[in-house]
Structure formats: structure tokens, C-alpha cells
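Below is one structure; the comments refer to it alone.
The values are calculated or read from the model by the stated rules, or taken from the named source; none is laboratory data. This structure is a prediction, so every number in the text was calculated from the model and none was measured. Using ideal geometry, Cβ is built from the backbone for each residue, glycine included, and neighbour counts are taken over all protein chains shown.
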């Protein structure tokens, strides 16, 4: 019955939008009540909710990838704990059968005419659109990095399904020298990942008798090791205890793999100075940005940095009320993680339903996000926090402490939660459990 009500109100509002925005540009376009751009965590979770409510043939998903990857697992792949295949599922098996999948890239947006153009030249018209394109990885922005990743077995990166296959072999074969781990001077998805693999590598080298021959450095563009004070304090204790050098405000700009040198821009230098390090092992977290089609959009869809410009609490676009955004491609000021998307997808869809029914969006996102900071092959700090960087922890104990239970939560429980519930649009984050575990006294 609820789905029928949504469909009925959706038709009424659809007619209003068509009358207001109809142009000749939409005559040859295939029309859908809802078009979802992107088949990542956000796109798939919203698609599952929407397909149940709107029915077959009403929802289009635009996504060229053959496989859907659970990318938070790639830290574990890089450490030899999981395989890439364990992180992948065929895209068509993830999306509901009621959705129409268009296996092309979205290349041009025209929100004034409610259309999106695909890489095959096809144009889709929509009444509503959800943009969940993720974030763009820019390995080519670092001089010499692509060549180094292709030719130097000791230059690795966990942010790509092919490059992550290099990481554990490099960790295993490393017998000593300078090991450098980087954090870029751009927005980044999973801001804890650059140091997670560092802790795992350090633990591996310690257990295999080469740690005393290794000099480990974490070179980060940030002025702090982590953006939330509570967890930053704990992590600084860990790096001190494990003799890891942390170099703040340094940004990797060049890799010379022939001479095994990495050049870092000193971000606080008024003269634009750089510092060059010799490396024997180099894990690079690459620069990232908003996807090019968004940055190049015709109308005022994006902010100055090219990210989709949405209200941070309702996830509705600031200019175009029939557009919503989710996940890494938006300018929502929280860490870009799958955990954030888990909370956002339900809030977004509830607000979308409200707008479809002619009402104002009422559900509000509090910025919840989570970062399971794996610190060894058996321990993890489960960081959870909100827009203001305040801890928003689920369990009734100090999650800033390294715990074996949280390691297994990350390694064993979260993948099952992702595939079995989130991808089916049935997981909205841990809020209900957090409130119950804190006897109703937590937000």
C-alpha cells in the first residue's frame, strides 16, 4: 500500500515538473521517473529502495562497470588478508531486476531540461535524479607515478583494483630500507586508508624479523594525523610506540622510479620548497577530485571544487529541487566513506519521497561516518563521528582503544552487512543500535 501511495503522488508531481521544464531537448530522450547516476555504494542502495517503491521500468541506473567492488576491503587485500575477487560482485546481480541498467558513462548533464547524455550519445530524461558518481582517482597528477606503478614492483597503491594486487607481494619481498606512505593534498575517500596499510605493513615486517631494518615514514598533507581529536591522540601514541615517523604538511608531487626518489612539496613553505626522499617501498594514496562530467556541467550543479552542491542535511540540490546527491561526489562536509553512504541512502530516499509527494524534505543527516582504523593483523580502532568531528560511537565502551573485536567487525561482519543489507537498501547505519546500547541516551 505504501508503494502505491508513492507511485500515485509521484505521477502527480511528475506532471507538474514536465509542464514546468518541458523543452524540445527531451523529445527524443527516453524518460524515467528516476534516473540514478552511478552504480557504487550510494547508487545501488538507493536503487534498491527506489525499485521497491516505484516498480519495474521506473528507475534507470547509469553505470558502465561490469563489476561492483566493495572497496573498503582493499586495505585487507593489500595486506594479504582478502582477495580482490572477494570484493567483487557482477553489477547486474547487485541491482534490482526492476531497474533498467544503462552500461555507459554519464558525460553531460542538463539539469535545466532534466536530461543526462550518455557516452553512446543516448539521452535520458528524468523527473528526479540521484547523483552518486563517487570520486575520481587522479594518478596522473603526480609526475612519474603512473610509470612507477607500472614498472617498479615496490611502488604500490590500494586505491585501484589492479594496483592493489602489487601491495602484498611488495610487503612480503621487502627486506629493509625506507618505506614511505603518503596522504594527498586533495579530498580523499576513506581518509584512514593511507595509514591503515602502513600499520599492517609494519606489523608484518615486525613479525617476519625485518622491522629493525626498516625506516617507516608517513608523509601527509594534513597538519594532524586524523581529523578527530580523540582518535588522533590515540594514533599519535601508536606511531610513537612503533617508531613511525610522521611528517606533516608534505604532498607527493613526483616519483622518479629509476633512481627510487620521491619528491614532496612542503605545503607551509612560502618559497614553494620541496624535499626529496630516497625510497625502497612507496605506498601512494593518489590525488582525487570530483568526476569530470560533474565539474564540466553546464549549469550551477556544482561548487567551486566541482562537487555536487547539496544541502548537507537533506542531500537535496541547492538549486535544482528534483536532484539529490549521495556519497563521495557531493560537497557534504563529512568523511567520504561507505559508512556515510549507509546513513545517507535512507535519508535521501525518504526526502525524495517527500518531494515526490509535494512536501518539503524533513529527514536530516547528522554527518555520521565511520573509519575502522586497522592497526595490526588483529586490532582495530573503530572511529565513528559526526559533522563536527565529535565521536558518535555505537558501542558502550571506548572505541578509541585498539580491540580485537573491532578488527573482526571490520574483517568479517562489515562485508556481510554491505552485501546482504546495504546493497539491498535495508541498512541505514547503526543509529538504532547505538541508541539501544546507550539506553536511549545517544543521538
For the range 181-190, indicate whether the set of residues that are at pLDDT below 95 and either within 20 Å of residue 259 (Cβ to Cβ) or in a loop (DSSP other than H, G, I, E, B) (or both) is non-empty. yes
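Please report, ordered by residue number, the helices (runs of 4 or more DSSP H) entirely within the range 376-443 with at least 1 residues that are outside the structural domain of residue 195 (by TED's automatic domain parsing) and in contact (Cβ under 8 Å) with a residue 40 or more places away in the chain.
Helices (runs of 4 or more DSSP H) meeting the threshold: 414-420, 431-437.
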Selection status of residue 339, closer than 19 Å to residue 400 by Cβ, touching a helix residue (DSSP H, G or I) at 6+ places or on another chain (Cβ under 9 Å) and assigned to a strand (DSSP E or B): no
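On the basis of being crowded, with 22+ Cβ neighbours inside 10 Å, within 24 Å of residue 289 (Cβ to Cβ) and either out of contact with any helix residue (DSSP H, G or I) (no Cβ under 8 Å at 6 or more places or on another chain) or not assigned by TED's automatic domain parsing to the domain that holds residue 238 (or both), does residue 197 make the cut?
no
Scan the range 250-275 residue by residue and report those that are surrounded by fewer than 17 Cβ atoms within 10 Å (Cβ to Cβ) and within 26 Å of residue 203 (Cα to Cα). Outline the logic, then answer.
Applying the first criterion (surrounded by fewer than 17 Cβ atoms within 10 Å (Cβ to Cβ)) to the range 250-275 yields 254, 256, 258-259, 261, 266-275.
Passing the criteria: only 261.
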Across (1) touching a residue at least 40 places away in the same chain (Cβ under 8 Å); (2) part of a helix (DSSP H, G or I); (3) out of contact with any helix residue (DSSP H, G or I) (no Cβ under 7 Å at 6 or more places or on another chain), residue 168 clears everything bar (3)
Restricting attention to the range 224-241, does a residue exist that is over 22 Å from residue 139 (Cβ atoms), in contact with a strand residue (DSSP E or B) (Cβ under 8 Å, 6 or more places away or on another chain), outside the structural domain of residue 398 (by TED's automatic domain parsing) and loosely packed, with under 13 Cβ neighbours inside 10 Å? no
Residue by residue through the range 204-216, note down the ones that are crowded, with 20+ Cβ neighbours inside 10 Å and not in a strand (DSSP E or B). 205
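Here is a yes/no grid of residues against (1) part of a loop (DSSP other than H, G, I, E, B); (2) surrounded by fewer than 18 Cβ atoms within 10 Å (Cβ to Cβ):
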site	(1), (2)
75	no, no
83	yes, yes
93	no, yes
96	yes, no
107	no, yes
112	yes, yes
121	yes, yes
129	no, no
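With respect to residue 179, determine if the residue is closer than 30 Å to residue 328 by Cα and either surrounded by fewer than 15 Cβ atoms within 10 Å (Cβ to Cβ) or assigned by TED's automatic domain parsing to the domain that holds residue 384 (or both). Show your work before the answer.
On the way: closer than 30 Å to residue 328 by Cα: yes; either surrounded by fewer than 15 Cβ atoms within 10 Å (Cβ to Cβ) or assigned by TED's automatic domain parsing to the domain that holds residue 384 (or both): no.
Answer is no for this residue.
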